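Novice: Take a look at this one; I'll ask things after.
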Amino acid sequence: MTSNSLERQPARMPKRPKQALLAKIFHWVNIVSVSIMLTSGLQIYNANPVFGGRAGPHVFPLFTLGGWLAGGRDWHFAAMTLFALNLLWYGVYIGLTRRWKNRFVGGNDVKALQVGQNQKRNAYAWHRIVYTAIVPILLLAVFTGIGMYKPAQFYWIVDAFGGWDALRIVHFMTVPTVIGFAIAHSLLALKVGGTRLLESMFW
Ligand code: HEM
């Protein structure tokens, strides 16, 4: 594809996108389970902040779930299976239906950004980059979480991060990363497909 044709290439998002019911269910379950994981995780964090220990900066209670350490852990461990299984079946679904070909970033997006005069095409490329990047971040949350959940059985995960404290910090850092990517993902979806695309992901 020449740089000129990339310039002219419109964003491939249809005007009235139709999402499969399975994609909508995934989206809802993901939002609910990630929100529970985030807020209950922050409740756990408040019991003994990663940065600065017990006297370190605490999270405002409005953004926490569970009321106290054990309550936060109960919520975190109850929702982690839902969160992980939802990601797993999303992987199976997007693999079997070959939707990853349209959803994930490709060489065309990178080329379009390199030549990039077409603002709409650029926004679409960024949309796919951000969408693709969320997947390894969520998987990192699962991976580090499993290491924290069963450190004796999965000692090699703890070792891979250089010890428990480093593992805790990486797991914690998935929080601002997930929030940042979720905001970027929503804004780019709005820019690329307008409110119609956003609405089509939910109902
Ligand atoms: C299947 C996925 C996950 C598993 C197995 C998992 C597991 C765990 C475990 C075992 C702990 C430590 C609990 C304790 O020390 O009492 C923890 C803490 C935490 N988790 Fe997760 N987690 C997962 C996903 C997530 C996600 C998606 C987020 C948010 C993006 C998250 C945020 C946190 C936070 C903020 C903490 C507190 C960190 C700290 O201060 O030590 N977790 N998680």
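Novice: Work out from phi, with θ = phi - 60° and the Karplus expression 6.51 cos²θ - 1.76 cosθ + 1.60, the ³J(HN,Hα) of each residue of the range 36-52, listed in order in whole Hz, and give x for Gly and Pro.
Specialist: 5, 4, 5, 6, 6, x, 5, 5, 4, 4, 4, 5, 7, x, 4, 9, x
Novice: Right, next: Please work out the FRET efficiency for the pair LEU85 and TYR155, using the Cβ-Cβ distance as r and a Förster radius of 30 Å; give the result to the nearest 0.05.
Specialist: In this case the efficiency is close to 0.75.
Novice: Nearest 500 deg cm²/dmol is fine: what mean residue ellipticity at 222 nm does the chain get from its DSSP H runs of n ≥ 4 alone, each adding -39,500 (n - 2.57), divided by its residue count?
Specialist: -25000 deg cm²/dmol
Novice: Another one. Helix 119-149 versus the longest principal axis of the chain: what is the Cα-based angle in degrees, 0 to 90, to the nearest 10?
Specialist: Compared with the principal axis, the helix lies near 20 degrees.
Novice: Apply the Karplus curve 6.51 cos²θ - 1.76 cosθ + 1.60, θ = phi - 60°, to the phi angles in the range 76-90 and return the couplings in whole Hz, x for Gly and Pro.
Specialist: So the Karplus estimates, Gly and Pro as x, are 4, 6, 6, 8, 5, 5, 4, 4, 5, 5, 4, 5, 5, 6, 4 Hz.
Novice: Along Cα→Cβ, 7 Å out, is where each label goes; now give me the distance between the ones at VAL32 and GLN19 in nm to one decimal.
Specialist: The modelled label-to-label distance comes out at 1.5 nm.
Novice: Which value in nm describes the separation of the simple spin-label points at LEU139 and LEU113, placed 7 Å from the Cα toward the beta carbon?
Specialist: Rounded to a tenth, the inter-label distance reads 1.9 nm.
Novice: May I have the pair-distance distribution P(r) for the chain, computed from all Cα-Cα distances with 10 Å bins from 0 and rounded to whole percent?
Specialist: Each 10 Å bin holds this share of Cα pairs: 8, 29, 31, 20, 10, 2.
Novice: Step through the residues of the range 26-32 one at a time and calculate ³J(HN,Hα) from phi using the Karplus curve (6.51 cos²θ - 1.76 cosθ + 1.60, θ = phi - 60°), rounding each to whole Hz and writing x for Gly and Pro.
Specialist: Coupling constants for the range 26-32: 4, 4, 4, 4, 5, 4, 5 Hz.
Novice: Over all directions, what mean area does the Cα convex hull of the range 19-97 project, stated in square nanometres?
Specialist: Dividing the Cα hull surface by four gives the mean projection, 6.1 nm².
Readers should treat all values here as calculations from the given coordinates under stated rules, not as data from a laboratory. Just so it is clear, the model here is predicted, and its values are computed rather than measured. Cβ: placed from backbone, ideal geometry, glycine included. Neighbour counts: every protein chain shown.
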